[in-house]
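What follows is one structure encoded as structure tokens, with my remarks underneath.
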Amino acid sequence: MVTRSPRIVIAGLKGGSGKTIASLGIVHALSRKGLQVVPFKKGPDYIDAEWLSRAAGHPCFNLDPCLMKKEAVLSSFVARSNEGDLAIIEGNRGLFDGIDEEGNTSTAELAKWLKAPVMLVVDCTKATRTIAALVLGCKVFDPDLAIGGVILNRIGTKRHEKVVRSAIEKYTDLPVAGAIRRLRKDPLPMRHLGVTPTDEHPDLSRALESLKDVIEGEIDLEFLQKVATSAPPLETVDPRDNEDNLKHGQLPGERPVIGVFRDSAFQFYYPENLEALEGHGARLVYINSLGHDRLPQIDALYIGGGFPETQADKLASNKRLLNDIKLAVEAGLPVYAECGGLMFLGKTILWNGRKYPMVGAIDWDFVVGKKPAGHGYTVLEVVEPNPYYQPGTVLRGHEFHYSRPVACVNRPRGSFACRVLRGAGFKENLEGLCYKNLFATYTHIHALASPSWAQGLVSAARSFRQQKGIISQKSGGC
């Protein structure tokens with residue numbers, strides 16, 4: 001499988017350098033010119049990825065060298081990039097920042113895997129000629145990395161731009177693609193977990209249009225396309241050659257139905273995860289936890305992460321749905337919940353001094369603090385039997401939460417299936433709270449990093465569906 005799609009990586013010298021604003025503006029501007037841009041986000045990010053998806057009008061996919069093997073990254077990228085005219089990959093942190101001093105999982109390393117040139121976004125606040133020294137350092141630090149040009153960010157005046165541009169072009173021989181002025185108002189306001197999610201932004205369309213206008217007036221888009229076109233062909237193994245696609249040969253009526261909560265409270269889903277569930281034979285039904293007051297007929301439930309705390313009042317008032325979920329858990333419905341989904345299944349959420357009742361399927365309250373309680377990559381070892389993973393399985397994921405669990409009874413129901421090898425986890429190096437067919441964890445899983453996840457959830461859904469059919473037959477139902 002080969003892609004010849006033009007592609008560029010947009011990177012920065014550090015987090016907060018402006019690469020997200022540059023990426024969104026460029027993606028949206030090129031999309032408005034009629035190009036089908038396929039966006040990618042490096043690392044375990046949901047919010048930036050969703051913004052990129054909205055800017056492109058095309059799903060954004062994550063590429064994570066820390067979680068995924070190189071073959072999985074390349075296969076995903078090649079297959080996805082062939083869907084469009086141009087691929088744009090937004091990096092994370094600084095260009096060479098990884099999990100070790102070698103930078104093995106850095107944006108630079110990903111760019112080399114993808115044979116993609118890098119556009120370097122540089123924050124020029126209170127600096128001029130020094131910016132050239134920083135850019136030159138990036139250029140010579142790794143001779144195997146192709147840096148195609150520089151985008152200046154937070155430029156104050158025309159003179160400021162002229163001095164920085166001249167210094168870079170004189171001392172580094174790298175072209176400057178343009179300059180983004182210091183914005184009076186941030187179109188992407190920050191919140192306790194980063195950028196405000198698209199579902200909660202007061203005027204998403206206007207924010208994207210304003211970024212497009214900034215880019216079109218300041219950045220040479222034709223030059224960016226020329227740099228992207230310089231990327232050579234990229235070849236990899238077609239993942240479908242070895243894919244165990246369980247939906248082939250199945251009748252539609254035999255497909256288990258998995259409910260997925262998707263709304264402003266629960267937003268964090270990798271598109272690859274949803275595709276993997278469908279690829280293993282499931283039919284997905286989307287449920288709005290704020291608008292639907294009953295749980296539909298499903299064979300399993302997947303509750304991703306999100307912001308149940310910001311929507312706690314609405315969630316708590318939807319009492320019929322909360323009761324339906326609790327009864328379903330008690331009846332053995334397979335439920336897989338991550339982070340925000342875990343909090344939703346607890347007794348209460350304490351947020352900004354108020355306590356909100358939730359599902360109550362597990363005997364834990366969740367207290368949302370002002371600082372992260374867990375943040376970063378996680379490694380879990382499955383040590384106990386559970387409905388989804390074989391003991392001995394090692395799961396690699398990530399966590400980012402401000403909440404901490406507090407037991408609301410002396411002996412909470414359930415047990416923990418996983419031992420934490422890296423990360424904060426649930427409590428005392430334990431993770432994966434299991435109760436009946438419920439599995440709840442702070443760790444977010446990516447299907448390309450943990451292929452057994454989708455198979456396990458669909459298998460549990462199929463078993464539950466068959467069990468319902470047997471009970472129905474015994475009771476004389478149809």
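The values are calculated or read from the model by the stated rules, or taken from the named source; none is laboratory data. Quick caveat: nothing in here was measured; it's all calculated off a predicted structure. So basically every Cβ, Gly included, is an ideal-geometry build from the backbone, and we count neighbours across all protein chains shown.
Quick look at the numbers
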{"read-out": "Strands (runs of 3 or more DSSP E) wholly inside segment 398-478 containing at least 2 residues that are in the same structural domain as Glu338 (by TED's automatic domain parsing) and surrounded by 23 or more Cβ atoms within 10 Å (Cβ to Cβ)", "value": "415-422, 430-435, 438-441"}
{"read-out": "Number of positions in segment 28-73 that are hydroxyl-bearing (Ser, Thr, Tyr) and modelled with pLDDT under 95", "value": "1"}
{"read-out": "Only listed residue being closer than 14 Å to Tyr442 by Cα and either touching a residue at least 40 places away in the same chain (Cβ under 8 Å) or surrounded by fewer than 23 Cβ atoms within 10 Å (Cβ to Cβ) (or both), chosen from Leu380, Leu333", "value": "Leu380"}
{"read-out": "Residue identified as touching a residue at least 12 places away in the same chain (Cβ under 8 Å), over 15 Å from Lys126 (Cα atoms) and in a helix (DSSP H, G or I) among Ile215, Ile151", "value": "Ile215"}
{"read-out": "Per-region count, segment 125-146, residues in contact with a helix residue (DSSP H, G or I) (Cβ under 7 Å, 6 or more places away or on another chain) and either in a helix (DSSP H, G or I) or buried (at least 24 other Cβ atoms within 10 Å of the Cβ) (or both)", "value": "6"}
{"read-out": "Residue that is surrounded by the fewest Cβ atoms within 10 Å (Cβ to Cβ), among those in segment 80-103 that are among the aliphatic types (A, V, I, L, M) and modelled with pLDDT of 95 or more", "value": "Leu86"}
{"read-out": "Flag if Glu381 is under 24 Å from the mean Cα position of the chain (by Cα) and of a type in the set (Asp, Glu)", "value": "yes"}
{"read-out": "Any hit, segment 264-276, residues being of a type in the set (D, E, K, R), at pLDDT 95 or above and within 21 Å of the chain's Cα centre (by Cα)", "value": "yes"}
{"read-out": "Test: residue in segment 104-116 that is farther than 23 Å from Leu234 by Cβ, modelled with pLDDT of 90 or more and not small (Gly, Ala, Ser)", "value": "no"}
{"read-out": "Count - residues of segment 55-67 that are over 13 Å from Gly91 (Cβ atoms) and buried (at least 22 other Cβ atoms within 10 Å of the Cβ)", "value": "5"}
{"read-out": "Pair list, Cβ < 8 Å and 6+ apart or interchain, from segment 221-233 residues that are among the small types (Gly, Ala, Ser) to residues that are assigned to a helix (DSSP H, G or I)", "value": "Ala231/Leu114"}
{"read-out": "Segment 256-291, subset outside any strand (DSSP E or B) and of a type in the set (Ser, Thr, Tyr), residue nearest to Gly305 (Cα to Cα)", "value": "Tyr269"}
